[in-house]
Amino acid sequence: MSFRRSALVATLSVVALTAAACGGGDDSAAPEPEVADAPEFEAGTTMAEIAESGSITIGTKFDQPGFGLETLDGELEGFDVEVAKIIAAELGIAPEDIQWEQTPSAVREEVIEGGEVDMVVATYTINDERAERITFAGPYYEAGQQIMVAADNDEITGPESFTENPDLTVCSVTGSTPSEQIRQYLADPGSQLTLFDEYSQCADSWPTARSTP
């Protein structure tokens, strides 16, 4: 890492839209990364400034199981969280010196531009429009997008189901790639698509399907 910018952005590149039922995950804890001892970076770079400060502020999701999820005891877990810890460790910063900020999809560019975080690691798709505002590092992970449905739902077999049946509805979050990707499959986006600020609101409030990374 040797580039010069006001913020580092780790990203998740999401490349496809598929259908899947809800399922569980692995609850095993990841080992803590080895923290670099007195790492050296080119003077004046963002990395040098963060390493010298001894702490870092990282934006991530708090409501996405498997990537960034706040547990009942207030801890954060998930793939993005572990990637962020590894990056911080390379900067000489221990996990306990990370300040986590909840960063929903709609505000990821804003918190970087406003200096509220040093970097965002939050299922963050790389695209040209966003790259005009912030700098991406990566991708570090490539994945598909999923439409989550109830296990007993046999009406939704893929995104085309929304084209074929205008009565079916889907939920996603404002500012996300899934919310834009699903529009091409909707017979009537105005009535079929509902947007919230966080994915957890979709899970709690929407009865049909959720479009998520």
Of residues in the range 191-203 being at pLDDT below 90 and in a helix (DSSP H, G or I), the one surrounded by the most Cβ atoms within 10 Å (Cβ to Cβ): Tyr199
Qualifying position, being at pLDDT 95 or above, surrounded by 11 or more Cβ atoms within 10 Å (Cβ to Cβ), in a strand (DSSP E or B) and in the same structural domain as Met119 (by TED's automatic domain parsing), among Gly92, Gly59: Gly59
Count of residues meeting criterion [under 21 Å from Tyr199 (Cβ atoms) and among the aromatic types (Phe, Trp, Tyr)] in the range 130-148: 2
Matching option when the condition is within 17 Å of the chain's Cα centre (by Cα) and not small (Gly, Ala, Ser), among Val117, Val149: Val117
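Yes/no matrix, rows are residues, columns are (1) more than 26 Å from Gly175 (Cα to Cα); (2) in contact with an Asp or Glu (Cβ under 9 Å, 6 or more places away or on another chain):
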| residue | (1), (2) |
| --- | --- |
| Glu42 | yes, no |
| Gly54 | yes, yes |
| Leu76 | no, yes |
| Ile87 | no, no |
| Glu90 | yes, no |
| Val107 | no, yes |
| Ala122 | no, yes |
Flag for Ile134 being in a loop (DSSP other than H, G, I, E, B), buried (at least 16 other Cβ atoms within 10 Å of the Cβ) and among the hydrophobic types (A, V, I, L, M, F, W, C): yes
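Looking only at the range 164-177, which residues are surrounded by fewer than 23 Cβ atoms within 10 Å (Cβ to Cβ) and under 24 Å from the mean Cα position of the chain (by Cα)? Please lay out each step first, then the result.
Within the range 164-177, the first condition is being surrounded by fewer than 23 Cβ atoms within 10 Å (Cβ to Cβ), and the residues that meet it are 164-169, 174-175.
Scanning the range 164-177 gives Thr169, Thr174, Gly175.
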Index of the failed condition, Ala187 passing every other in (1) in the same structural domain as Pro65 (by TED's automatic domain parsing); (2) part of a loop (DSSP other than H, G, I, E, B); (3) modelled with pLDDT of 90 or more: (1)
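Residue-wise test of (1) exposed (fewer than 14 other Cβ atoms within 10 Å of the Cβ); (2) among the β-branched types (Val, Ile, Thr); (3) part of a helix (DSSP H, G or I); (4) on the phi > 0 side of the Ramachandran plot.
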position	(1), (2), (3), (4)
Ile87	no, yes, yes, no
Trp100	no, no, no, no
Val111	no, yes, yes, no
Val120	no, yes, no, no
Thr123	no, yes, no, yes
Ile126	no, yes, no, no
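Looking for something under 21 Å from Glu40 (Cα atoms) and either out of contact with any Ser or Thr (no Cβ under 6 Å at 6 or more places or on another chain) or of a type in the set (A, V, I, L, M, F, W, C) (or both) - is there at least one such residue anywhere in the range 98-108? Before you say what the answer is, go through the steps one by one.
Filtering the range 98-108 down to residues under 21 Å from Glu40 (Cα atoms) leaves 98.
Okay, now just the ones that are also either out of contact with any Ser or Thr (no Cβ under 6 Å at 6 or more places or on another chain) or of a type in the set (A, V, I, L, M, F, W, C) (or both), so 98.
Yes; the residues of the range 98-108 include at least one that is under 21 Å from Glu40 (Cα atoms) and either out of contact with any Ser or Thr (no Cβ under 6 Å at 6 or more places or on another chain) or of a type in the set (A, V, I, L, M, F, W, C) (or both).
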The listed residue being closer than 29 Å to Val83 by Cα, not assigned by TED's automatic domain parsing to the domain that holds Asp80 and not in a helix (DSSP H, G or I), out of Ser172, Ser179: Ser172
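The values are calculated or read from the model by the stated rules, or taken from the named source; none is laboratory data. Note that this is a predicted model, so its numbers are computed, not measured. No Cβ is skipped: glycine too gets one built from the backbone with ideal geometry, and neighbour counts run over all protein chains shown.
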